[in-house]
Amino acid sequence: MGNAFLNRTVDGFLKIGAVGASKVAAEETYDCLKKGPSRFPFWKFSKDKLEDALRKICKEGVYWGTTAGVYVGMEYGVERMRGTKDWKNAMLGGAITGALISAASGHRTDKVIGNAITAGAIATAAEFINYLT
């Protein structure tokens, strides 16, 4: 796209969105096979079930992708503002992302702060694990 910020954000959205969609697709497939008769599992698979599964897949893919895109964008923005590449960028990017996603979901202040702390901690842990490998 010609812009490093947009490139990273869109890349994060697409990659992690695909992971989220794949997760739900696997869950829905398992549920379908589990509920059907053992010999012909697809007999009980209706158009409504398929539409419901596709709706869940798209919703989850967009949610995971949006969260990842916001995180990647925030981490990159913090890195550019600070002028250094270290674990603190992941921590701040995760905290900002947790707060933004939580606030956009309509949570109260206490929940927003808790989600910001949690997301910052997860991002920092992931960054430390990444350094170990």
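Just so it is clear, none of the values below were taken in a lab; they were calculated from the coordinates. Worth saying up front: this structure is predicted, and the values here are computed from it rather than measured. Neighbour counts are summed over all protein chains in view; Cβ atoms, including those assigned to glycine, are modelled from backbone coordinates with ideal geometry.
Note down the relative contact order for the chain as a percent, whole number, built from C-alpha pairs under 8 angstrom at least six residues apart.
Numbers: 153 pairs, mean separation 31.5, N = 133.
The normalised contact order for the chain reaches 24 percent.
In the chain, the longest principal axis of the Cα atoms and the axis of helix 4-35 are about 30 degrees apart. Were the residues from THR29 through ALA125 laid out at 0.36 nm apart, the gain over their Cα-Cα distance would be 31.3 nm.
What FRET efficiency comes out for THR133 versus VAL10 if R0 is 30 angstrom and r is the Cβ-Cβ distance? Round to the nearest 0.05. Write down the numbers at each step before the final one.
Values: r = 25 Å, r/R0 = 0.85.
Computed FRET efficiency for THR133 and VAL10 comes out at 0.75.
Put simply, the Cα atoms of the stretch 86-133 extend 37, 12, 12 Å along their principal axes, the longest span coming first. Can you return the lysines within cross-link range of LYS49? Criterion is Cα-Cα under 16 Å, with same-chain partners fewer than 8 residues away left out. Straight-line reach from LYS49, under 16 Å: LYS34, LYS35, LYS59. Seen against the Cα atoms of the chain and their longest principal axis, helix 87-104 is set at about 50 degrees.
Segment MET81..ILE113, full-extension length gain: 9.3 nm, with 0.36 nm per residue of separation and the alpha-carbon distance subtracted. Relative to the longest principal axis of the C-alpha atoms of the chain, give the angle of the C-alpha long axis of helix 47-82, reported between 0 and 90° and rounded to the nearest 10°. For 47-82 against the chain, the angle is about 10 degrees. Listed options for mean projected area of the Cα convex hull in nm² are (i) 9.1; (ii) 11.4; (iii) 12.5. The value calculated from this structure is the one marked (ii).
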